[in-house]
Amino acid sequence: MGPPEPGAGSSDGPRVFPRVPFLGYPFEVRARGMTCAIRLRNLSCGGASGLCDEPLDVGSFVILRLEAGCFMEAEVRWVDRMNVGLKFTRPLAPAVVRRLHEAHGMLLTTRAGR
């Protein structure tokens, strides 16, 4: 069993926003006076998860720079080594998720015969 996803805690109830996969594109994170990068695995209107360059503490708050002028505050909900789950303090607009996915996300394809 892997780490819980952002917003998956028992006190939060079921996930509200669907996740979209990412290829590991790096986004800037600001935390505790430092700047590092997170390579996203997935993103939703409610949060994100990925591999972070620097260790983060559960319960700490970070600022995630998703695109020019789009900064999201998020709480670190879980940590598994350098993998982290973030829950945004306010939902991200669905149009922003779509735009980021089109620019940096994963294209899902199927193979013939599968």
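Overview of results
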| quantity | calculated |
| --- | --- |
| Test: residue in the range 47-70 that is free of Cβ contacts under 8 Å to residues at least 24 places away in the same chain, acidic (Asp, Glu) and part of a strand (DSSP E or B) | no |
| Verdict on residue 36 being at pLDDT 85 or above, within 22 Å of residue 103 (Cα to Cα) and more than 13 Å from the chain's Cα centre (by Cα) | yes |
| Test: residue in the range 73-92 that is charged (D, E, K, R), in contact with a helix residue (DSSP H, G or I) (Cβ under 9 Å, 6 or more places away or on another chain) and either outside any loop (DSSP other than H, G, I, E, B) or exposed (fewer than 12 other Cβ atoms within 10 Å of the Cβ) (or both) | no |
| Test for residue 42: is it modelled with pLDDT of 95 or more, touching a strand residue (DSSP E or B) at 6+ places or on another chain (Cβ under 9 Å) and either surrounded by 15 or more Cβ atoms within 10 Å (Cβ to Cβ) or within 20 Å of residue 103 (Cβ to Cβ) (or both) | no |
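The values are calculated or read from the model by the stated rules, or taken from the named source; none is laboratory data. Because the structure is predicted, anything quoted here is derived from the model rather than measured. Ideal geometry is used to build each Cβ from the backbone, glycine not excepted, and the neighbour counts take in all protein chains shown.
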